[in-house]
1. Considering each residue of region 62-75, count those that are out of contact with any Ser or Thr (no Cβ under 7 Å at 6 or more places or on another chain) and either among the β-branched types (Val, Ile, Thr) or part of a helix (DSSP H, G or I) (or both), and give that number.
2. May I ask you to verify whether Tyr36 is modelled with pLDDT of 90 or more and either surrounded by fewer than 14 Cβ atoms within 10 Å (Cβ to Cβ) or under 15 Å from the mean Cα position of the chain (by Cα) (or both)?
3. For region 92-111, which residues satisfy the criterion of being outside any helix (DSSP H, G or I) and surrounded by fewer than 19 Cβ atoms within 10 Å (Cβ to Cβ)?
4. Which one is farthest from Ser59 (Cα to Cα), of the residues in region 94-121 that are in contact with a Ser or Thr (Cβ under 8 Å, 6 or more places away or on another chain) and in contact (Cβ under 8 Å) with a residue 40 or more places away in the chain?
5. Give me the pairs: first residue in region 53-71 and within 16 Å of Thr39 (Cα to Cα), second residue in a helix (DSSP H, G or I), beta-carbon distance under 7 Å, and six or more apart or on different chains, which are they?
6. Name the residues in region 13-33 that are under 29 Å from Asn52 (Cβ atoms), surrounded by 15 or more Cβ atoms within 10 Å (Cβ to Cβ) and not hydrophobic (A, V, I, L, M, F, W, C), would you?
7. Considering region 77-91 alone, what residues qualify as being buried (at least 18 other Cβ atoms within 10 Å of the Cβ) and not in a helix (DSSP H, G or I)?
8. Given the options Ser27, Ser21, Ser59, name the one that is in a helix (DSSP H, G or I), under 15 Å from Ile120 (Cβ atoms) and of a type in the set (Ser, Thr, Tyr).
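The values are calculated or read from the model by the stated rules, or taken from the named source; none is laboratory data. On a predicted model such as this, the values are computed, not experimentally measured, just so you know. Reconstructed Cβ throughout: ideal geometry from the backbone, glycine too, with neighbour counts over all protein chains shown.
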Amino acid sequence: MVTLANNLLKDSIWDMVYRVSVGAALSTIDTATDIYVITTYYESPELIGQANVLISMISANIFVQLVIVIGNYKNKSTAVKLKEMLITLLFLRPAVDAYRVSTNHEDEGATVDSLIELIINKVSA
């Protein structure tokens, strides 16, 4: 019975939506905690170096994600590229990717499909 239930959950669209949504929520919460930690570190003079390192790591991650966005939407208009870059800069990329995967969003002009884009962005984070 347990095996049957697990197989039904694996094949269910709702299970995928749940897993992708939880992942997006955790990524967004992680960003919020990173920002909180950085502001807390800047309040203490001996932790300013660690705050700068965290900012550098977040900046490098955003840069990699922006390169991925530019590569994926190279055949699109400048407005679409700017919109996708803004999504990345506002730390909304996990939520947008999760929405696109869960709704089976298809974009003919994109280099890769939504699921591959989500996986690439998760790996780069």
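1. 3
2. yes
3. Leu92, Thr103, Asn104, His105, Glu106, Asp107, Glu108, Gly109, Thr111
4. For region 94-121, the residue satisfying everything is Ser102.
5. Listed by first residue and then by second, the contacts come to Leu54/Asp34; Leu54/Val37; Leu54/Ile38; Ile55/Ile38; Ile58/Asp34.
6. Gly23, Ser27, Thr28, Thr31 - these are the residues of region 13-33 that are under 29 Å from Asn52 (Cβ atoms), surrounded by 15 or more Cβ atoms within 10 Å (Cβ to Cβ) and not hydrophobic (A, V, I, L, M, F, W, C).
7. Scanning region 77-91 gives a single hit, Phe91.
8. When all the criteria are applied, what remains is Ser27.
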